[in-house]
1. For MET9, state whether it is open to solvent by 10 Å² or more (accessible area, probe 1.4 Å), modelled with pLDDT under 95 and closer than 17 Å to ASP142 by Cα.
2. Could you tell me how many of the residues in region 162-174 are loosely packed, with under 11 Cβ neighbours inside 10 Å and either in contact with a Cys (Cβ under 7 Å, 6 or more places away or on another chain) or part of a helix (DSSP H, G or I) (or both)?
3. May I ask you to list pairs of residues, at least six apart or on different chains, whose Cβ atoms are under 7 Å apart, with the first in region 18-44 being in contact (Cβ under 8 Å) with a residue 40 or more places away in the chain and more than 20 Å from GLU58 (Cβ to Cβ) and the second being among the hydroxyl-bearing types (Ser, Thr, Tyr) and buried (at least 17 other Cβ atoms within 10 Å of the Cβ)?
4. Do you know which of the residues in region 52-78 that are of a type in the set (Gly, Ala, Ser) and assigned to a helix (DSSP H, G or I) is most open to solvent (accessible area, probe 1.4 Å)?
5. Taking region 79-100, which residues are open to solvent by less than 40 Å² (accessible area, probe 1.4 Å), in a loop (DSSP other than H, G, I, E, B) and either of a type in the set (Gly, Ala, Ser) or in contact with a helix residue (DSSP H, G or I) (Cβ under 7 Å, 6 or more places away or on another chain) (or both)?
6. Would you call ALA21 open to solvent by 20 Å² or more (accessible area, probe 1.4 Å) and either among the small types (Gly, Ala, Ser) or at positive phi (or both)?
7. Out of all the residues in region 25-51, which are acidic (Asp, Glu) and open to solvent by 80 Å² or more (accessible area, probe 1.4 Å)?
8. Identify, from the list ARG161, ARG134, the residue that is closer than 21 Å to LEU20 by Cβ and either of a type in the set (D, E, K, R) or within 14 Å of the chain's Cα centre (by Cα) (or both).
Amino acid sequence: MNVTLTGFMGAGKTTAGRRLARLLRIPFYDSDTEIEREHGPIADIFERLGEAAFRTIEAETITRLCAGGPLVLAVGGGAVLDAANRRAMRGGGWIVNLALKPETALSRVAHRSHRPVLGQAPALESIRSLMVERAAAYADNDLSIAVDAKSPSAIAHIIARWYRRRAASDKAVPR
């Protein structure tokens, strides 16, 4: 079974995802990394083609990755807005949301310039607004973890224990 990590920018999806994949001994993929490998920097895609074109590329990438597995997949913060993406994620496994407060997100992304949705100078109000817009999509998950005060290693261990219990109980239930 796949585990897809969702959450706002700066939640630690990639870092925790790599550690989780090592714990579970399955491959790790980051949808943004895969997109950049195939299409170039995300900021350039946004600038050249626009957000709608980026979201199409993102959806194709997520669908392709989720069809494989088992794997751990970290997706971009806005990927969950598309219900088809969530169906693809759930079709191959489970969705885990890494939840954080707007203030934590700001502290983690303020110094980064590769966040096209937030612009050059991220502001707390724009982060709050995006989080409100995305709240229902982030709530569509199988497990949610508040990550503000947790290390990537602690997050990975929490998910690994949950994954093993869930996988064991799914095997016990006849289909």
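1. In short, no.
2. 5
3. From region 18-44, the pairs are LEU24/TYR163.
4. Residue satisfying both the conditions and the ranking: ALA52.
5. Matches in region 79-100: GLY92 only.
6. no
7. Hits for region 25-51 are GLU36, GLU38, GLU47, GLU51.
8. ARG161
The values are calculated or read from the model by the stated rules, or taken from the named source; none is laboratory data. Bear in mind that the values here come from a model prediction, so they are computed numbers and not experimental data. Glycine also receives a Cβ, built like all others from the backbone with ideal geometry; neighbour counts cover every protein chain displayed. Keep in mind that these areas ignore ligands, DNA and RNA; they rest on the heavy atoms of the full protein, side chains included. Shrake-Rupley method; radii C 1.70, N 1.55, O 1.52, S 1.80 Å.
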